[in-house]
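Participant: The structure that follows is given in the form of structure tokens.
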Amino acid sequence: MMFMLQCDICPRNCFLAEQKTGFCGVRTLQNGKIVLQTYGKSTGFAVDPVEKKPLNHFYPGSQTLSFGSIGCNLSCTFCQNASTAQTGNVSLLHTEATPDSIVALAAKMHCQSVAFTYNEPIISAEFVTETAAACRKAGIKTIAVSNGYISEIRRKEFFDFMDAANIDLKSFSEDFYRNYCSAELEPVKQTIRYLSESKTWLEITVLLIPARNDSDQEIAALSQWIAENAGTEVPLHFSAFHPANRMLNLPPTPPQTLFNAREIAFSFGLKYVYTGNIRDPAGQSTTCPQCGQTVIARNGYKVEEYHIDAESCCRYCGQSINGKFEEID
């Protein structure tokens, strides 16, 4: 009888036979143990503004060392990084990325944080958490840019190592998750609930795709759920879709769709709602929810004005601004 072992990292619960990989393409059974084919290797590094993750309330204006690997536990037809995220081709892993080398590079490049991004970090949980522990020991923050599709028994273990997370909420429809991501919505909702009550700083991104997940009704339902389950102070980013992967037949998201979504989210009491992937300084700047003054003015990913004091309060009226901030002169 063939020996098989069940992977418990995500809700797929793949059964792996010897030398076989799971849905993600990187978790493999070798000698009766699940190992990562990607351990210690990366597709490359970049130094980015933290706003690019996007995180607007996590040390704004700071630099983060971004790196990723290959593979994902979703199969999104609109994936912007499909050439690496939807493959198990280890030949793409050409850069050394041991925990110590990542910490050393982040320090050398004067990065305040390290971001696990480009592909899904959850599928490489053992390597990611080991790297995050090394970062934390060196005083470097850690960020997971994630789809949030993780099993309940591994959720706390993984995110306890993250100082911040941006969860990519694909849609607020189970049909959308099933038809366009080969996944389920409910585990992602559970991750968002968990993070909203944890010490990990949380922001949420929704990519709005024309005629797929951009209706007023869905945006309203999503906004209401976030307000009731994650709180009105969690930053929410609506991002514009550009044709990619297996969804090349649709047009880019009109800017007006993002403006409209932002207003709907505000109507449900959300205090910090942003637009992304378009030029919109007003929609990418942070406004004090009490006095209405702009406390962080952004042009693209660049911080041009900063009016938050050492106590994380608006310098105009003293209102507390939810987030992780440092005073900037």
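The values are calculated or read from the model by the stated rules, or taken from the named source; none is laboratory data. Just so we're clear, the structure is a prediction, and the values are computed from it rather than from any experiment. Neighbour counts run over all protein chains shown; Cβ positions are idealised from the backbone, glycine included.
Participant: Could you list all residues from the stretch 264-285 that are more than 18 Å from Glu203 (Cα to Cα) and of a type outside the set (A, V, I, L, M)?
Facilitator: Result: Ser267, Arg279, Asp280, Pro281.
Participant: Continuing with the same structure: Identify all residues within the stretch 183-212 that are aliphatic (A, V, I, L, M) and surrounded by 18 or more Cβ atoms within 10 Å (Cβ to Cβ); write none if there are none.
Facilitator: Of everything in the stretch 183-212, those that are aliphatic (A, V, I, L, M) and surrounded by 18 or more Cβ atoms within 10 Å (Cβ to Cβ) turn out to be Ala183, Leu185, Val188, Ile192, Leu195, Leu202, Ile204, Val206, Leu207, Leu208, Ile209.
Participant: Another one. Residue check: is Gln63 of a type outside the set (D, E, K, R), surrounded by fewer than 18 Cβ atoms within 10 Å (Cβ to Cβ) and not assigned by TED's automatic domain parsing to the domain that holds Lys170?
Facilitator: No; evaluated as a whole, the condition is false for this residue.
Participant: Still on this structure: Would you confirm whether or not the stretch 145-152 contains a residue that is surrounded by fewer than 16 Cβ atoms within 10 Å (Cβ to Cβ) and part of a helix (DSSP H, G or I)?
Facilitator: Yes, the stretch 145-152 has at least one match.
Participant: In addition: Is it true that Glu96 is buried (at least 18 other Cβ atoms within 10 Å of the Cβ), acidic (Asp, Glu) and either assigned by TED's automatic domain parsing to the domain that holds Ala138 or more than 28 Å from Ile153 (Cα to Cα) (or both)?
Facilitator: Spelling it out, it is not the case that Glu96 is buried (at least 18 other Cβ atoms within 10 Å of the Cβ), acidic (Asp, Glu) and either assigned by TED's automatic domain parsing to the domain that holds Ala138 or more than 28 Å from Ile153 (Cα to Cα) (or both).
Participant: Tell me the residue from Ile150, Ile143 that is β-branched (Val, Ile, Thr), touching a Phe, Trp or Tyr at 6+ places or on another chain (Cβ under 8 Å) and over 26 Å from Lys33 (Cα atoms), please.
Facilitator: Ile143
Participant: Going by the conditions given, is Ala240 assigned by TED's automatic domain parsing to the domain that holds Val145, surrounded by 14 or more Cβ atoms within 10 Å (Cβ to Cβ), under 22 Å from Cys76 (Cα atoms) and not charged (D, E, K, R)?
Facilitator: Spelling it out, Ala240 is indeed assigned by TED's automatic domain parsing to the domain that holds Val145, surrounded by 14 or more Cβ atoms within 10 Å (Cβ to Cβ), under 22 Å from Cys76 (Cα atoms) and not charged (D, E, K, R).
Participant: Also: Hey, can you tell me all the residues within the stretch 1-48 that are among the small types (Gly, Ala, Ser) and either surrounded by 17 or more Cβ atoms within 10 Å (Cβ to Cβ) or closer than 18 Å to Glu120 by Cβ (or both)?
Facilitator: If the condition is that a residue be among the small types (Gly, Ala, Ser) and either surrounded by 17 or more Cβ atoms within 10 Å (Cβ to Cβ) or closer than 18 Å to Glu120 by Cβ (or both), then Gly22, Gly25, Gly40, Ser42, Gly44, Ala46 are the ones that fit.
Participant: Further question: Tyr301 is checked against (1) surrounded by fewer than 18 Cβ atoms within 10 Å (Cβ to Cβ); (2) in the same structural domain as Leu55 (by TED's automatic domain parsing); (3) aromatic (Phe, Trp, Tyr) and fails just one. What number does that condition carry?
Facilitator: (2)
Participant: Within the stretch 22-39, can one find any residue that is of a type in the set (D, E, K, R) and more than 22 Å from Asn277 (Cβ to Cβ)?
Facilitator: yes
Participant: Can we say Glu203 is in a loop (DSSP other than H, G, I, E, B), under 30 Å from Lys156 (Cβ atoms) and in contact (Cβ under 8 Å) with a residue 60 or more places away in the chain?
Facilitator: no
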